[in-house]
Structure formats: structure tokens, C-alpha cells
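Report on one structure; see the data block that follows.
Any read-out appearing in this document is the output of simple, stated calculations on the displayed coordinates, not a laboratory observation. Keep in mind that what you see is a predicted model, and the values were worked out from it rather than measured. For neighbour counting, all protein chains shown are included, and Cβ atoms are generated from backbone atoms with ideal geometry for every residue, glycine included.
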Amino acid sequence: MSTPDPLLLLLPLFLFLASQASYAQLRNQTSDFPWVASENRTLVSNNSVFAAGFLPTNSTDRFIFSVYYEGISIRQVIWSVNDDSPVNGSSSLNITASGELRLGEIQFPGAPTSSSNSTHLLQLTDGGELRFGNWRSFLHPTDTIVPGQDINGTTLTVRGGAFRFDGKKLLFNGSYDAESSYYSNDNAFLSFDDTGKVQQENGASLITSDYGDKVQRRLKLDDNGNLRIYSFNQNISQWIVVWQAIPELCRIKGTCGPNSICMYGDNYDTTVCDCPPGYRRNSGTGDEQCSRKISNLRESKFLQLDYVNFSGASGQGNQWSMVALNFTSCKAGCLNNPDCVGFGYKFDGQGYCVFVKQLFYGIWSPANEAAFFLRVDSLESDQTNFTGLTSILETTCPVRVSLPLPPEESKSTTRNIAIISTLFAAELISGVAFFWAFLRKYVKYRDMARTFGLEFLPAGGPKRFSYAELKTATNDFSTTNVVGKGGFGDVYKGVLTDHRIVAVKCLKNVAGGDNEFWAEVTIIARMHHLNLVRLWGFCAEKGQRILVYEYVPNGSLDKFLFHSGKVDYTNGEQDLEDSKLLDRKPILDWGIRYRIALGVARAIAYLHEECLEWVLHCDIKPENILLGADFCPKISDFGLSKLRKKEDMVSYSRMRGTRGYMAPEWVKSDHITPKADVYSFGMVLLEMVTGVRNFDIQGSKMDSEDWYFPRWAFDKVYKEMNIEDILDNQIKRSYDSRLHEEMITRMVKTAMWCLQDRPEMRPSMGKVAKMLEGTVEMIEPQKPTIFFLGDE
């Protein structure tokens, strides 16, 4: 019997390995065509980060050729050929006789070809780019950009083409309106790297909330029209949003259909499409489209919708405007035009009146200053459910007061009335005469003072306003225009003749004459810093002392931190009807709170260390920190102590400020230094982390007289080692230890150093700013105490 040939014994093994090779992962490149969709074959990059191949859809035997992230639990597509046209399992990726790469009858974007004489290689780079000859997939993106991919000159488009991003603008192309923009950046996006930075053409850059972490990222135009950057969190195995162009989804055009109003659900990440009164949802078209209940208007009436705006679509003559003398003329303009379905009107005396032909892009937001008046049939029984605070507070129980009839007059009563009236008339005439004489002399001396230049101010000084100008701007200092009250006086919102919106502060108990007041105001006006409220001018006449500041639209920080009637998010549920949507302010996330804290620290450091005139604020608290439209913080009421009368100014031996924010040295009558402002800032910084007032006892069994807010926070963080116990419940769910722990720990540690009992133990405000920036090393702080409370 002959011995078998060893090669014949190994032949079955070779055939088995050859049959399995077509189903193995191909590394970096392949020339094996045709590539059938039903084959279990993928092309993997050398670094094993990306893969290319046919992915099955939800439908049976349907596939999409895609490039996607490999090796993670959630497979995320970054590029595809036939996203809108899945192919069956028998379809194949093939190369035609002319060298063109095609998927069945579907042509690749850009028609990739290679020379017929060369080897037909399909390559996948480590950066996720598919290459065939001179063709590059990065030159034809779909809806996603990955780190290292050039953005300049490319366009992202979602499936169906309703939304696209051209590098500068987000555009909506609805079936009922011309293409229009809802997000615009002056500088085009150029590139995107794996640290979370987007480079712009002017040299500036956008960064993500987890900037610096080397994680898998992608920039995607979502199907809902929002442009977002996602990072893959390995701890929770999820893609999380770390930057987005539109924080409020209702600002995206097309979120809700025609005749609908977009509102927010439990938070700004969810939306609800509601029909206005007099309208109902169309059957079979979804919840986002509505139509009028009574289509033919015989007699019209208007329903007032507060905080609602329908004037988002200006194309194709959908809206037009006029300068209305009053509300009646604006209403008449709509009634006289049969195409008008409603109008927007502002009750600010500026004549704002906008008519709307079709109800596109309806949005409810407390930021809408105009009220919208919806035109419906006079027989419509629906009542408006979009009401503001004024309507809620209207009195519904009138009080009738009746007086008894007077007794019949006698002749003596008539005589007495005649005598009194004569004497009163004589005194009135004499008073008018004396007042006229005084007024003539006053005008004479005032004109003389102006002639000799007594009103001259140094170059670059603030503008001087007349009392009449400010009276007109504030509607005669109407109480409806009051936007703030404080120890230095009331603040009114006003509109100047050049249409600038200003904040007008009427000072109380101001010291010195006109020259002294002008000198002090000039010094304050020369304090220029990004995080200080700008002083534009002043008024000093008729015994009045008034300062004119820039108007900061978002109000003070306390309105955002300490919401009245907070919703408890720890229970996991929330009743939308009880959340008081009309009274809610947007919730500040951790990144915004950190930027606010850093801006305030830099501004106080400027007042303490960089001004030519040394300034001690003495009243740092959330009510004196204002927030601009982009939530840039601005400190108010700085330098006003120089303008108070001597008897009203508080000496170093007397307390000054707000209880709860005053440093211990005010109580102990010690010498007051800039470290008093450092203590106040530390208390504010701790409140920004916890979201509660420093005098609100937080779940402690300690008596109220022994309660001390910083000591409670110190014990939670440094004794119990659980920083999450002190976090604001409103955004506690968004806390991610990997993303936020370092930033919040730095804020808490800085606050603890600022709240030391002895002033010499506290850092200067310049060092506080660097501690928040993370540019100086911080050691563990000592436990904050107050001299009259013993430590445990």
C-alpha cells in the first residue's frame, strides 16, 4: 500500500480557507469585484476605526452600501451611496468596462473611475475616506463630517433634501415656502479635528463641551434640521451631544407644519406642535398640520395670542408691514385686506405692525415681544389659551362704592364758599406771578452758566441727557417700565430717539454739586470691561441725578438660578400643566455657569487691580450680575458708593451690603479690604453650583441659628466625598463626571478658598480668576467657618 501524498492531504484545508476568505474582513483595500450585497464582507481601515460594506435595512433583503464606525456598540454611518434607494441582496458593487465604479444601476456621486490599465483598488483610509483612483468620498459628503475632513466648499444635506448646511448657513426648503435660513455664521467652517474644535475662516474657532478629549466624534446635520457635534462616551456606550447650532428646536424652520404653533415640552430638547384657537388638526397628516374650523369668514374677530409669532416666512410676499399710529389702525389694516389672516403688534409706542398672509413657522416663546392677533370668524367659540401675565391678574370682582347725598346748602354756606374761592384765586395768581419771575431769573443764570462753559465735560466723557429726553424715553417714568429696584434707586427701561434701548437709574441721596457729580460720573464711564455694564450718559438738572446705562435684555442672574415653584426632577416625572411655562427662564447648563463665573471674576479683578481709580463694589450678589442676550455676564452698581451723601455712606466700622453675602469683617468691624468682595463672590459661586440661596437650609438636622451654607457644602464634598449631593437639581441629570467633574470641582474649591473667615487667607480676585481658569495649582482648602459659629 502506497503512502498518500502530503499535498493531497492539505488540499481540503486550502479549499476551506479559500471559501472563507470571501467572508473575512478585508484590510485597507480590495480589488475583488463584483462585491455582492448579500455577501458577509467588509472593508476595514488599518486602524480598525472605520469599515465599509453593505448594511441591511429594516426591510427584508434590502441593503445600503455605507462607511461607518467599526468596533462600537452603536454602528454609526458617516457616508452612504444609496441611502434613499436600498438595493436587494443580489445587487453588486462592480466596475464597468470603462473603469467606472457603480452599484447596480446606481451611480456614485462624482462618477468614480480609474484607468483601465491599472489595478482597480477600492481603499478605506484611517480617517474614514473611501478612495477609488482619483475619486474621494470626502469631496461628496452626505450628512456627516468626521475629524480631519475638509468642510470648506462642501454641503451637507439630510435625506429628502428639506435641510442643508452650506458651511455658513442652515437652510430649510419646505414645500410651502421658498428656501430660507434659520442659522447663520459670518465665517465659514473650514475643518474639524478630534479634540472637538471647528476652525473658521477668520481664524476663530468653535469648541465642544468636552474639548480636548481624544474620543470618536462626528459633525452631523440631523434629520430634524439641527447641526450637532456628537462624541461617543465609552462609559455609557452612547453618542452624546457636545455642541449644537440651535439650542431651541422650535427655532428650526419646519419643525411644525403650516397653521401650527411650536411649543416646548418638558425641556428645550422636546417640542409639541399645537393648533391655535379656531383651528383643528388635519386628519391623516400628523399632529404638525392644522386647518381653520370655519374656512369662509363672514364677519371677523381677532383672538390675542401672547408670546406667539408667525412672521418667520418673509418670502413670496407672505408678510408686509406698516407703521401704525395705534392698535386700532393696525387692526383696521388687516380687516381691509382679505388675504390677511392675522397681525403682530407691539405695545411699545413705536408703531410696529406686521401683517401675515399664511401662518408659517409659528413659535411660542417668552422672548417674543409682540402679541399676535389671529383672525377668525365672529361665530368661532374657541377662546385663546395663549395668555400673558397681565390677563391672569385682571380683577374679575368689581367693587361698587356709593356715597350719601349731601345736605341742602344754606345761604351761609354759599357765602363761605365764595369768600374761600376768592382768596384761593388771589393766592394762586400771586403764586403764578412769583414763580414766573423766579423762572425768568433761573433761565437767565442757567444760560449764563452755559455761556461760560460750566457744563463742559472732558473729551471722551459720557453724554449729558436732558430730563425731558429721559422722561419721554421712559414714558414719564411709568411704573410699567420699572425693571429693577435697589438701594441706589429705581431702574426704568427706556427707548431713546435713536431707537437705542437703555436702562435709566434714578439715584437717591446723591452727594455734591453738579461739578463733583460730573467728575465722578466721568470716572465711572471710563471703566471699560467686557463684563461691566456700560455707562452711556447722565442727567443732572431739576435736582435729579440720573445715570443712563446700556440695557441688558436677559435680566439678573438670580432669575435663572432661583426659579419660583421649581420642578423637582428627582422624581422622574413632571406634570406639564403644573410647570408654569410662562414664568420659566431657560435653565443654565454647566458650561454657561462656568463662563458666567469666570467673566464675573475677571470683572471684579479689573475693578480691584487694573482701574486707575481703585473700586470696592461691596455688594456682589446674583441680583447685581446681569446677563446679555448671549448670557455674557455684566456687573452693575459698581462705583456708586462715590456718589452717596456722606451721612448715607457706610464707614468701615458699619455694615454695608446684603445679608448672606457680607464678609465676616463687616460684623467684626475690622478694616475693610478688597477681600470683602472676594468673600461675596465665593458665596455667589457656591450658589451657582447648588442652585439655591445661601440661607436655604438643605436637608440638615442642624438648628437654623447654627446653619452655615459653606460649611454644609464643604462637609458634603470633602467629608462625605459626594459632590453630586450639592449640585443644582434642575441640571443634576445632565451631570457627567467625566465631562463636568474637573470643572465643578474647580468651582467648588475656588469658592471654599474665597469663603475663608480671615481675609488674609483668601486669594486676590486676580488669582481667583486664574484658579477658575485652571492656570494655577490649588491645594485643598480649609473648612470655612464664621467666628461666632464653632467648628465641629
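List of remarks:
- Computed FRET value (nearest 0.05) for Val36 with Asn58, which takes r as the C-beta separation and R₀ as 22 Å: 0.60
- When peptides 178-186, 749-757, 586-594 are ranked by their average number of other Cβ atoms within 10 Å per residue, the highest-first order is 749-757, 586-594, 178-186.
- Per the Debye calculation on the range 140-294 with a single equal scatterer at every Cα and no solvent contribution, log₁₀ I(q)/I(0) for q = 0.11, 0.12, 0.18 Å⁻¹ amounts to -0.50, -0.59, -1.10.
- The C-alpha radius of gyration of the range 261-391, expressed as a fraction of 2.2 N^0.38 Å, stands at 1.04.
- Extension reserve of the Gln238-Asn187 stretch, reckoned as 0.36 nm per residue once the Cα distance is removed: 15.2 nm
- Sorted by Cβ neighbour density within 10 Å, fewest at the top, the residues Thr119, Thr154, Thr785: Thr119, Thr154, Thr785
- Here r is the Cβ-Cβ distance between Ala367 and Ala425 and R0 is 56 Å; the resulting FRET efficiency, rounded to 0.05, is 0.50.
- GluC sites (Glu not before Pro) within the range 53-151, DSSP loop, no more than 13 other Cβ atoms inside 10 Å: Glu105
- Taking a ≥ b ≥ c as the square roots of the eigenvalues of the alpha carbon gyration tensor, the range 702-777 is oblate, as a/c is not under 1.5 and a/b does not beat b/c.
- Legend: calculated FRET efficiency, Phe477 to Ser48, from the Cβ-Cβ distance at R0 = 56 Å, rounded to 0.05, equals 0.20.
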